[in-house]
1. For Rg/Rh (Cα atoms, Kirkwood Rh), the listed values are [x] 1.11; [y] 0.96; [z] 1.04; which was obtained by calculation from the structure presented?
2. In sequence order, what are the phi-derived ³J(HN,Hα) couplings for the stretch 441-455 according to the Karplus relation 6.51 cos²θ - 1.76 cosθ + 1.60 with θ = phi - 60°, rounded to whole Hz, with x for glycine and proline?
3. Can you pull a Stokes-Einstein diffusion coefficient for the stretch 347-429 at 25 °C (0.890 mPa s), Rh from Kirkwood over Cα pairs, as a whole number of µm²/s?
4. Please report the spacing between the Cα centers of the stretch 282-349 and the stretch 127-165 in Å, no decimals.
5. What does the charge dipole of the chain about its Cα centre add up to, to the nearest 20 debye, if the Cβ of each Lys and Arg holds +1 and the Cβ of each Asp and Glu holds -1?
6. Which residue, chosen from A365, P134, G76, occupies the Cα position most advanced towards the positive end of the dipole of the chain, where the dipole is computed from +1 (Lys, Arg) and -1 (Asp, Glu) charges on Cβ about the Cα centre?
7. Can you compute the charge dipole magnitude of the stretch 150-274 about its Cα centre, using +1 on each Lys and Arg Cβ and -1 on each Asp and Glu Cβ, nothing else charged? Give it in debye, rounded to the nearest 20.
8. How high is the relative contact order of the stretch 247-349, in percent, counting Cα pairs under 8 Å that sit 6 or more residues apart?
Amino acid sequence: MSRDLPVSERHSWSHAYGWLLLGFICYALPWSVFAAEATTLLRLQGSNTIGAKLGPALIGGLYQSQGLSNVRIAPGTAENEQLVLAEDKLGRPLQSLVAAHGSGTGFVALQDGSADLAASSRPIKDAEAASLQPLGDMRGMDAEQVIAIDGLAIIVHPRNPVQALTTEQLAAVFAGEIRDWRALGGQPGAIRLYARDDKSGTFDTFKELVLAAHGKSLAAGAQRFESSTQLSDQVSQDPDGIGFIGLPYVRQSKPLAIADGQSQPMLPSTTLIATEDYPLSRRLFLYNPPGTANEWVSALVQFAHSPAGQAIVEQSGFIPQTVQAVGVEPSAGMPADYRRLASEAKRLSVNFRFQEGSAELDNKARRDVARVLQYLKANDKLRQKAVLVGFGDPKNDPARAALLSKLRAMAVRRDLSKGGVIFREITGLGEQMPVAANSGDEGRMKNRRVEVWVY
């Protein structure tokens, strides 16, 4: 038919037909086919505790601090993966991928090059550090970043009458040895166990601090979850349920007070988690290869440590490392000197702790030196207003324990004095007032600490 038309009309008809065909193709294909491909800035993989909310929030905050626009979070291509999207000043699309499949997956991804940073809710393991040695010292201060403090909350149904448990009881419960709530002072009923999955840093922490510390293993009948939110919501609907979760995911459940060794039962409060005195407190980490060429990695690390980054930590439900002065209620169980201090001064929301088997401050404590100095300067506490109190684990000679604890306080004094601090008093209380059991290395390390008090 078109052959019977004049040449000019045949050309016009062909032109229109071409536009009609192009329109059909554009309609049939997704817009993403024609959109500019986004440039990937960061790939963060690992802990679900971090990756579910905090990781994307920190990347989004970094974007905004760098002047990027249209910052938003979208689902990734797989479950528990998210994209943090933005545009640069020329409107070009940018993205970062956050994959939250468990702490262990982050270190594997660093090794095979599929991630720029690993998010972990536990310290890196020896085998992981060894496998990543070609990338540098992953335990050094340039690689290991404590970005927040979290507490493992032991959660039950809101109407469960049980208020407190020891870590020993917890271990027996989750090992399946204590099976009825009546044995714990609750209403008769078979205990149902809810636990995170094997790849989870939350599970690693619970296993280390509770199960392994008491020679136990998780019962085979426990229900396992990759999602913290799903676990918590299930416990809140089960009158016989008990689970463990990161602090921001308590949601509608009830947290229990926990005691370890000779410590008093403690609820997972903000202050007790910030000082890491709460028995199930833990640190949240980012690990990045030292000397990485990706400038966005360094920028994210610096942003996470900054006041703006720590504000996002708090908004996400975790405990920031911002230093504050907190009043402590004096009690009869305190040593006399400590009780006097509690009645006259306030305690800072930070404890200095040390590297394993060393008198050197650990990576968090080294950064805390700068934070404490900043607080003391800002609040006119540099001269004769600060007190250091050292603690330790038991020794055969109590006098030696007291001396060692004072030497730890003197090590902190050395670093703070470089910033111009003149202390009112430095003392050591030895093995008194433990916050963890001394039966294991982890507990002894927690008890070796230095508190800061201000008048």
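1. Among [x] 1.11; [y] 0.96; [z] 1.04, the one derived from this structure is [x].
2. Result, rounded to whole Hz: 4, 4, x, 5, 5, 5, 6, 7, 8, 10, 9, 10, 10, 10, 9.
3. Diffusion coefficient, whole number: 186 µm²/s.
4. 14 Å
5. 1300 debye
6. Most positive-ward Cα: A365.
7. 240 debye
8. Relative contact order comes out at 21 percent.
Here, each number is a calculation from the coordinates, and none is a lab measurement. All values reported here derive from a predicted model rather than from experimental measurement. Note: ideal-geometry Cβ built from the backbone for every residue, glycine included; neighbour counts use all protein chains shown.
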